[in-house]
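**Q** First, the structure itself, so that you have it in front of you.
The values are calculated or read from the model by the stated rules, or taken from the named source; none is laboratory data. Quick caveat: nothing in here was measured; it's all calculated off a predicted structure. We place every Cβ from the backbone using ideal geometry, glycine too, and count neighbours over all the protein chains shown. For accessibility, only protein heavy atoms count, side chains too; no ligands or nucleic acids. Shrake-Rupley method; radii C 1.70, N 1.55, O 1.52, S 1.80 Å.
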Amino acid sequence: MPRILDGIAIASAIKQEVAGEVKSLAEKGIRPGLAAVLVGHVPASEIYVRSKVQTCADLGLYSDLITPPDTVTTEELLDLVHKLNARDDIDGILIQLPLPAQVDAKLLLDAIAPEKDVDGFHPVNAGRLQAGRPALAPCTPAGVIEILKRSDVPIVGQNAVIVGRSDIVGKPAAMLLLHQNATVTICHSKTRDLPAVTRQADILVAAIGRPGFITPEMVKPGATIIDVGINRITSRDDFDRFFAGNEKREATFAKRGSTIVGDVHPKAFEIASAYTPVPGGVGPLTIAMLMANTVRAAKMRRGL
Ligand code: GUN
């Protein structure tokens, strides 16, 4: 039976450590602060941001939730970012994505002061990360590394194959794994004979955003699978394709009319030696790492 890598437990350990750091900073008169900008009323974004703000409160960080209407302009948001950059009580700035179509998201993200860029999306942080300099790394890939390390999964010299090349997950995950001395391959939609490449993986990171894309024949027996995908499925066909015979999932599906599946087909996990489940794997780490990044930003900005 493969080992299930419990993201909830790992995230909880990290949050406890962050709370401890917040406490010792408080003794120096420092309270790390996060500004969360939530534009409009995208339901998923509202849930995520609420959870981020609540976690700040739980761990003793200051937070400021700013909720511009979905008619906001790029100029208005730029003005807001400049003000947040200048505020001394704010160490981290998070602009929840996606933004409405009229907003120039890249322009906006590039306006965040790199030292307050706790999402790690700014090109300066991407550059620092790849150059091996101190950087705020994107939260989800940073969480992937924490899961591997805290679960004692060997990384040095291992073949790590990442499926997906996004700026937010795939590319930074590759850099972080490379810094840990893995041998790293990034695959994408144009990769030739993808299963032959993924079958080389001792560590397989799935971050393509396609439900159940990684099938059993793509997995090397005994590999560690990190499933970054969060895909909501609503059709009976999809449900049966992934979860036929799974009573617990059947109950969720009957109650909500949907369920969540990662980028890895559940049958593929059976071949692994360890894997992150969906939900309850990588997902919980994202907020934990956001908190860790905010505390780190607070310390870095003060030269601590
Ligand atoms: N939308 C979905 N995930 C994220 C994230 O990690 N950061 C931000 N800012 N927006 C998101």
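**Q** Over the Cα atoms of region 1-67, how large are the radius of gyration and the largest Cα-Cα distance (Dmax), in Å?
**A** Over region 1-67's Cα set, Rg and Dmax evaluate to 14.9, 49 Å.
**Q** For a quick check: with amide H placed at 1.01 Å from N, whose amide H comes under 5 Å from Ser63's, ignoring anything fewer than 5 positions away on the same chain?
**A** Here the answer is Leu34, since their amide H atoms fall under 5 Å of that of Ser63.
**Q** For the chain, which whole percent of the accessible surface, found with a 1.4 angstrom probe, sits on carbon and sulfur atoms?
**A** That fraction is 54 percent.
**Q** A further question on this structure: How far is helix 283-301 tilted off the main Cα axis of the chain, in degrees rounded to 10, range 0 to 90?
**A** 30 degrees
**Q** Evaluate E = 1/(1 + (r/R0)^6) for Ala9 and Glu250, where r is the Cβ-Cβ distance and R0 equals 25 Å; express this FRET efficiency to the nearest 0.05. Could you put the intermediate results ahead of the total?
**A** On the way: r = 26 Å, r/R0 = 1.04.
Computed FRET efficiency for Ala9 and Glu250 comes out at 0.45.
**Q** About the Cα centre of the chain, how large is the charge dipole given +1 on each Lys and Arg Cβ and -1 on each Asp and Glu Cβ? Please answer in debye to the nearest 20. Numbers along the way, then the final one.
**A** Values: 34 positive and 33 negative charges, 109 e Å.
It works out to roughly 520 debye.
**Q** Now for a different question. Which residues' amide hydrogens lie under 5 Å from the amide hydrogen of Ile186, considering only partners 5 or more residues apart or on another chain, with H built in the peptide plane?
**A** Distant-sequence amide H within range of Ile186: Ile162.
**Q** Quick one: the Cα spread of region 14-159 along its three principal axes, in angstroms, biggest first?
**A** Reported extents, whole Å, longest axis first: 48, 40, 30.
**Q** Right, next: Translational diffusion coefficient, Stokes-Einstein: compute it for region 144-237 using the Kirkwood radius over C-alpha pairs as Rh, at 25 °C and 0.890 mPa s, and state it as an integer in µm² s⁻¹.
**A** Rounded to a whole number, D works out at 182 µm²/s.
**Q** For Val39, what is the net charge nearby, where nearby means another residue's Cβ is under 11 Å from its Cβ and Lys, Arg count +1, Asp, Glu -1?
**A** -3
**Q** A further question on this structure: To the nearest 10 degrees, how steep is helix 139-150 against the longest Cα principal axis of the chain, on a 0 to 90 scale?
**A** That works out to roughly 60 degrees.
**Q** Expressed as cubic angstrom per residue, what is the convex hull volume of the alpha carbon set of the chain? List each step's numbers first, then the result.
**A** Working: hull volume 42.7 nm³, N = 304.
Once divided by residue count, the hull of the chain is 140 Å³.
**Q** Also: In Å², what does the accessible area per residue of the chain work out to with a 1.4 Å probe?
**A** Accessible area per residue: 47 Å².
**Q** For the pair Asp237/Arg210, report the inter-label distance in nm, with labels modelled 7 Å from Cα in the Cβ direction.
**A** 1.6 nm
**Q** Taking +1 at the Cβ of each Lys and Arg and -1 at the Cβ of each Asp and Glu, which of Ala196, Leu61, Thr73 sits farthest along the dipole of the chain towards its positive end, judged by Cα position relative to the Cα centre?
**A** Ala196
**Q** Going by amide H atoms built from the backbone, whose H comes under 5 Å of the H on Gly40, apart from near neighbours?
**A** Placed amide hydrogens put Asp70 under 5 Å from Gly40.
**Q** Same structure, new question: Have a look at Ala126, Ile95, Ile145 and report the one farthest towards the positive end of the charge dipole of region 44-152, computed about the Cα centre with Cβ charges (Lys/Arg +1, Asp/Glu -1).
**A** Going by the Cα projections, it comes out as Ile145.
**Q** Also: For the chain, the longest stretch holding no GluC sites (Glu not before Pro) located in a DSSP loop with at most 16 other Cβ atoms within 10 Å is which? Let's see the in-between values first.
**A** Details: sites that count: Glu27, Glu270.
The reported range is 28-269.
**Q** Can you give the longest run of the chain that contains no trypsin sites (Lys or Arg not before Pro) sitting in a DSSP loop with at most 15 other Cβ atoms inside 10 Å?
**A** Counting at most 15 other Cβ atoms within 10 Å as exposed, the longest clean stretch of the chain is 193-301.
**Q** While we're on this one: Using θ = phi - 60° and the Karplus form 6.51 cos²θ - 1.76 cosθ + 1.60, what ³J(HN,Hα) does each residue of region 261-275 get, whole Hz, x for Gly and Pro?
**A** Calculated HN-Hα couplings, in order: 10, x, 8, 10, 5, x, 5, 5, 4, 5, 8, 6, 8, 7, 7 Hz.
**Q** So, one more: From the phi angles alone, apply the Karplus equation (6.51, -1.76, 1.60; θ = phi - 60°) to region 237-247 and give each ³J(HN,Hα) in whole Hz, x where the residue is Gly or Pro.
**A** 4, 4, 4, 5, 4, 9, 10, 3, x, 8, 5
**Q** Any of Lys149/Lys171; Lys83/Lys149; Lys190/Lys248; Lys106/Lys190; Lys23/Lys171 with alpha carbons more than 29 Å apart? Name them for me.
**A** In this structure, Lys83/Lys149; Lys190/Lys248; Lys23/Lys171 lie more than 29 Å apart at Cα.
**Q** Treating the angle as unsigned and between 0 and 90°, give the value, to the nearest 10°, between the Cα long axis of helix 7-26 and the longest Cα principal axis of the chain.
**A** Helix 7-26 sits at roughly 20 degrees to that axis.
**Q** Suppose only helical runs count, i.e. DSSP H with n ≥ 4. What mean residue ellipticity at 222 nm does that imply for the chain under -39500 (n - 2.57) per run, divided by all residues and rounded to the nearest 500 deg cm²/dmol?
**A** -13500 deg cm²/dmol
**Q** For Glu270 and Lys106 in the same chain, what is the full-extension length gain: residue separation times 0.36 nm, less their Cα-Cα distance, in nm?
**A** On the way: separation 164, 0.36 × 164 = 59.04 nm, distance 4.01 nm.
Length gained, Glu270 through Lys106: 55.0 nm.
**Q** With only Lys, Arg, Asp and Glu charged, each at its Cβ (+1 for the first two, -1 for the last two), find how big the charge dipole of region 184-245 is about the Cα centre; round to the nearest 20 debye. Walk me through the intermediate numbers first.
**A** Details: 8 positive and 7 negative charges, 33 e Å.
Result for region 184-245 is approximately 160 debye, rounded to the nearest 20.
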